[in-house]
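Enquirer: This is the structure I have questions about; it appears just below.
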Amino acid sequence: MNTQPVIGISGCLTGSAVRFDGGHKRMGFVMDELAQWVAFKPVCPEMAIGLPVPRPALRLVQTPVGEIRMRFSHAPHEDVTEKMADFASAHLATLGELSGFIVCAKSPSCGMERVRLYDEKGNRGRKEGVGLFTGALMARYPWLPVEEDGRLHDPLLRENFVERVFALHELNALRAAA
């Protein structure tokens, strides 16, 4: 059992230049303040399935029968849904005792909510999708505190997330000691 809570985190939020455009979305609060009290386990699902940096943008596409697929925006017939699902399944099985996860908002891989869905003709749809990796994460670990980077700018949501992370860490420690 780790003495500090371990939080999974989208790699781009740590400052790693792994985004599709070669950039990052480093979170000052997370890396400068929260990092004093927790350990991080970063992952970039898109890099993990072999995509380069920079890379063409991905998007979620809803098929006419309601299936959600992950495809390149410039080449909508190039589908990486199965690669992402296989990675998510294998990676999530190795995570061990996480106490939380911070994901990158709006990402077709990591977005927790309000990820834009497109139709097969490329028309923008509603913001009601969930990133494929994060969807698998939340399905496998429904008790795990998961939050998006943008929402952590709200002081109340940030406090709530941190409290849930430490509460789960303490619960896991009690369970391990029993």
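The values are calculated or read from the model by the stated rules, or taken from the named source; none is laboratory data. Quantities reported herein were computed from a predicted structural model and do not represent experimental measurements. All Cβ positions, even for glycine, are placed from backbone atoms using ideal geometry, and neighbour counts span all protein chains on display.
Enquirer: List, please: which pairs have Cβ atoms under 7 Å, are six or more places apart or on different chains, and start with a residue in region 138-155 that is without any contact (Cβ under 8 Å) to a residue 60 or more places away in the chain and end with one that is surrounded by 11 or more Cβ atoms within 10 Å (Cβ to Cβ) and of a type in the set (F, W, Y)?
Expert: L144/F101; P145/F161; V146/F101; E147/F161
Enquirer: Just wondering, is there one or more residues in region 5-20 that are at pLDDT 95 or above, over 15 Å from I102 (Cα atoms) and in contact with a strand residue (DSSP E or B) (Cβ under 8 Å, 6 or more places away or on another chain)?
Expert: no
Enquirer: Something else: Which of the residues belonging to region 125-149 are of a type in the set (G, A, S) and buried (at least 16 other Cβ atoms within 10 Å of the Cβ)?
Expert: G129, G131, G135, A136
Enquirer: Would you tally the residues in region 127-178 being touching a Leu at 6+ places or on another chain (Cβ under 6 Å) and of a type in the set (K, R)?
Expert: Here the count works out to 3.
Enquirer: Mind checking which strands (runs of 3 or more DSSP E) fall wholly inside region 88-158 and carry at least 1 residues that are of a type in the set (K, R)?
Expert: In region 88-158, the matching strands (runs of 3 or more DSSP E) lie at 115-118, 124-129.
Enquirer: In region 38-52, is there at least one residue being modelled with pLDDT of 95 or more and at positive phi?
Expert: Yes, because at least one residue in region 38-52 is modelled with pLDDT of 95 or more and at positive phi.
Enquirer: Also, quick follow-up: Tell me which residues, restricted to region 42-67, are among the aliphatic types (A, V, I, L, M) and under 17 Å from the mean Cα position of the chain (by Cα).
Expert: Those that are among the aliphatic types (A, V, I, L, M) and under 17 Å from the mean Cα position of the chain (by Cα): V43, M47, A48, I49, L51, A57, L58, L60.
Enquirer: Kindly evaluate A105 against the criterion of being out of contact with any strand residue (DSSP E or B) (no Cβ under 6 Å at 6 or more places or on another chain) and buried (at least 17 other Cβ atoms within 10 Å of the Cβ).
Expert: Taking the combined requirement at face value, the residue does not satisfy it.
Enquirer: Among (1) in contact with a Cys (Cβ under 9 Å, 6 or more places away or on another chain); (2) without any contact (Cβ under 8 Å) to a residue 12 or more places away in the chain, there is one condition S107 misses while meeting the rest; what is its number?
Expert: For S107, the failing item is (2).
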